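Below is one structure, written out as structure tokens, with a few remarks after it.
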Amino acid sequence: ILNVEQSPQSLHVQEGDSTNFTCSFPSSNFYALHWYRWETAKSPEALFVMTLNGDEKKKGRISATLNTKEGYSYLYIKGSQPEDSATYLCAFIPNTDKLIFGTGTRLQVFP
Amino acid sequence: NAGVTQTPKFQVLKTGQSMTLQCAQDMNHEYMSWYRQDPGMGLRLIHYSVGAGITDQGEVPNGYNVSRSTTEDFPLRLLSAAPSQTSVYFCASSYSNRGSTDTQYFGPGTRLTVL
């Protein structure tokens, strides 16, 4: 069984703070990694698809990095806003068609 | 485009009943999949399909059947519902027949309770 770990499980920050969280995955048989943003009572929405070691992706105030050799990806949010409150999921894809999701990091941003 | 649609939104079943959760997409996506979401467990893959006529098992396939007769539809069947199948079910699709290379588009979910 392939394990995908996300840490921390939950995070509470003040508006304006920058924050980051981690997705750890098996470093062998890496094919791709996805990040999703999941707001309460909605469906997960894609943030990034990352495939190459050293990849860096950015969308507005959110960015992600990837280290396939050591098996981790970081998601950063700069200047958190209340609308960033959501659960952030990563999905690891080994050399198959199956996505293996982590349990997510739940972020709450207080005004 | 309607995107990925799921019906019903809510369902209550008694143990032993059968039902089908419907999933459809109008984006001509090759890859479709079903997940269940349980507290503290994240999203777990039940079954997936890389194209019409092709299905395969995911991480937790027991108790569920699928078929893919058209590109658009990917129904999930519960043959004999059990309380352990109480969960929120999400259908997802992506363009490529390699689910790994494209972002997944998720449906709104079906909340199922089995008494």
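Here, each number is a calculation from the coordinates, and none is a lab measurement. Note that the structure is predicted; figures quoted are calculated from it, not measured. Positions of Cβ are generated from backbone atoms using ideal geometry, with glycine treated the same way; all protein chains shown enter the neighbour counts.
Each Lys and Arg contributes +1 and each Asp and Glu -1, all at the Cβ; summed about the Cα centre of the protein assembly as shown, the dipole is approximately 320 debye. If only the Cβ of Lys and Arg carry +1 and only the Cβ of Asp and Glu carry -1, the dipole of chain A around its Cα centre is close to 120 debye. Note on chain A: along the principal axes its Cα atoms extend 42, 28, 20 Å, ordered by decreasing extent. Taken along its three principal axes, the alpha carbon spread of region A:1-61 comes to 38, 26, 23 Å, from the longest extent down to the shortest. Summed over all non-identical Cα pairs, the Kirkwood treatment of region B:29-115 gives a radius of 13.1 Å. The convex hull drawn around the Cα atoms of the protein assembly as shown, when projected onto a plane and averaged over every direction, covers 12.1 nm². Provide the percentage of antiparallel DSSP beta bridges, counting only those with both residues in the protein assembly as shown; round to the nearest 5. Restricted to the protein assembly as shown, the bridges split so that about 90 percent are antiparallel. Straight-line cross-link reach from A:Lys42 at under 16 Å between alpha-carbon atoms covers these aspartates and glutamates, not counting any fewer than eight positions away in the same chain: A:Glu83, A:Asp84, B:Asp38.
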